[in-house]
1. When the residues of segment 64-80 are filtered to those that are open to solvent by 50 Å² or more (accessible area, probe 1.4 Å) and out of contact with any helix residue (DSSP H, G or I) (no Cβ under 6 Å at 6 or more places or on another chain), which remaining residue is farthest from residue 213 (Cα to Cα)?
2. Answer with yes or no whether residue 13 is within 12 Å of the ligand (Cβ to nearest atom), farther than 18 Å from residue 124 by Cβ, open to solvent by 30 Å² or more (accessible area, probe 1.4 Å) and without any contact (Cβ under 8 Å) to a residue 24 or more places away in the chain.
3. Out of (1) at pLDDT 95 or above; (2) surrounded by 14 or more Cβ atoms within 10 Å (Cβ to Cβ); (3) more than 12 Å from the ligand (Cβ to nearest atom); (4) within 29 Å of residue 248 (Cα to Cα), the odd one out for residue 41 is which?
4. Condition test on residue 80, is it on the phi < 0 side of the Ramachandran plot, aliphatic (A, V, I, L, M) and either away from the ligand (no atom under 12 Å from the Cβ) or over 17 Å from the mean Cα position of the chain (by Cα) (or both)?
5. Hey, residue 132 hits all of (1) open to solvent by less than 60 Å² (accessible area, probe 1.4 Å); (2) β-branched (Val, Ile, Thr); (3) over 30 Å from residue 178 (Cα atoms); (4) over 19 Å from the mean Cα position of the chain (by Cα) but one; which does it fall short on?
6. Which numbered condition trips up residue 55, out of (1) within 16 Å of the ligand (Cβ to nearest atom); (2) over 19 Å from residue 10 (Cβ atoms); (3) not in a strand (DSSP E or B)?
7. Scan segment 223-235 and tell me whether some residue there is open to solvent by 80 Å² or more (accessible area, probe 1.4 Å), away from the ligand (no atom under 16 Å from the Cβ) and within 24 Å of residue 87 (Cβ to Cβ).
8. Kindly provide the set of residues from segment 173-195 that are open to solvent by 50 Å² or more (accessible area, probe 1.4 Å), touching a residue at least 40 places away in the same chain (Cβ under 8 Å) and farther than 21 Å from residue 131 by Cβ, ordered by number.
Amino acid sequence: MTSFLRERKSVREFKAVDVKNQLLDDIEDYLRLLETEDGSGDFRFVFYKDGKRLFDGLNGIGGYSGVMIQSPHYVALEIMNSQDKSIINGAYFMEKLITKLNSMGLDTCWVSIGDVNHGEKVKLFDNLLGNINYLLAFGHRKPRNPFEEVPFSNRIGLDEFVYMDESGKKATLEDLENRGLDDLFYYLRYAPSSFNRQPWRFLLKKEKVALIMECIGDKDSNLIDAGVIMYYFEELGKAIGINSKWELANSRQNIEDREYRIIGEIVL
Ligand SMILES: Cc1cc2nc3c(=O)[nH]c(=O)nc-3n(C[C@H](O)[C@H](O)[C@H](O)COP(=O)(O)O)c2cc1C
């Protein structure tokens, strides 16, 4: 998981070739497995084995500023209700899917389609019952031009995003080392986030860590980013003996005159 996180990158250019049928069938089975594992019915994955129609319909309107990512296949994340936990869980399981696809040798990129109007989506997505604001594009990446610089998405510093307490005192590397959490937070920063905003902050408590988000930007993408980081926290946690799961919360906390929302807590 640590090397996966360090090396992972969103891939935005895919070969036009399809992924092998056997793999596509395995992926379809895995989607159903993830929905069963969650068990809430709050979200579902809709698989577009043939991504062409979806790409044509979203070209110019899906993705950042209408820059739609073209891939041979897509998985849509359909959130079935308007509860926050459904968005968080959906993102959590989407990231679990990404880890699986990666282990199959496939590359991925989240695609935001929140700006596409609902009528357009109803025409594009079969039997749309909930809301689809995010897709996953996947396939085989186009080979890189060795003479081109690999784009790099900056990450916040390790000493910038963990608070020791409500006064706003930030955890130093030494503080994190003392708690045995330095590696976990080091790698966590490589998680993807919408517009690479990295909106997550953490509050270290005695026996817990709280995930907090500043109350800015649109709520939807913050909750998606929360689900993503919760998944990686749990996965990285396992390596250092933290086997607990996040408990969702919904309260506010002021730190250094900024208002944060407490999204969840995990026992250390
Ligand atoms: C919820 C979410 C939505 C995203 N939407 C898009 C998108 O529409 N277009 C795009 O090119 N990248 C999208 N991304 C990819 C992020 O921009 C990318 O993860 C971030 O810049 C960090 O880069 P990296 O993934 O290469 O480390 C999205 C990522 C997330 C988590």
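The values are calculated or read from the model by the stated rules, or taken from the named source; none is laboratory data. Owing to the predicted nature of the structure, the values given are computational and were not obtained by experimental measurement. Counting neighbours? That spans all protein chains shown, and the Cβs are built from the backbone with ideal geometry, glycine included. Ligands, DNA and RNA are excluded from the accessible area calculation, which covers all protein heavy atoms including side chains. Shrake-Rupley method; radii C 1.70, N 1.55, O 1.52, S 1.80 Å.
1. Step one: of segment 64-80, the residues open to solvent by 50 Å² or more (accessible area, probe 1.4 Å) are 64-65, 67, 70, 80.
Checking which are out of contact with any helix residue (DSSP H, G or I) (no Cβ under 6 Å at 6 or more places or on another chain) leaves us with 64-65, 67, 80.
Values: 64: 22, 65: 24, 67: 27, 80: 24 Å.
Among residues in segment 64-80 that are open to solvent by 50 Å² or more (accessible area, probe 1.4 Å) and out of contact with any helix residue (DSSP H, G or I) (no Cβ under 6 Å at 6 or more places or on another chain), the one farthest from residue 213 (Cα to Cα) is 67.
2. Against the criterion (within 12 Å of the ligand (Cβ to nearest atom), farther than 18 Å from residue 124 by Cβ, open to solvent by 30 Å² or more (accessible area, probe 1.4 Å) and without any contact (Cβ under 8 Å) to a residue 24 or more places away in the chain), residue 13 does not qualify.
3. Every listed condition holds for residue 41 apart from (2).
4. Numbers: on the phi < 0 side of the Ramachandran plot: yes; aliphatic (A, V, I, L, M): yes; either away from the ligand (no atom under 12 Å from the Cβ) or over 17 Å from the mean Cα position of the chain (by Cα) (or both): yes.
Yes; evaluated as a whole, the condition is true for this residue.
5. (4)
6. Every condition holds for residue 55 apart from (2).
7. At the first step, the residues of segment 223-235 found to be open to solvent by 80 Å² or more (accessible area, probe 1.4 Å) are none.
No; the residues of segment 223-235 include none that is open to solvent by 80 Å² or more (accessible area, probe 1.4 Å), away from the ligand (no atom under 16 Å from the Cβ) and within 24 Å of residue 87 (Cβ to Cβ).
8. From segment 173-195, those open to solvent by 50 Å² or more (accessible area, probe 1.4 Å) are 173-174, 177-179, 183, 186, 195; that's our starting set.
Going one step further and asking which of them are touching a residue at least 40 places away in the same chain (Cβ under 8 Å), we end up with 179, 183, 195.
Residues satisfying the conditions are 179, 183.
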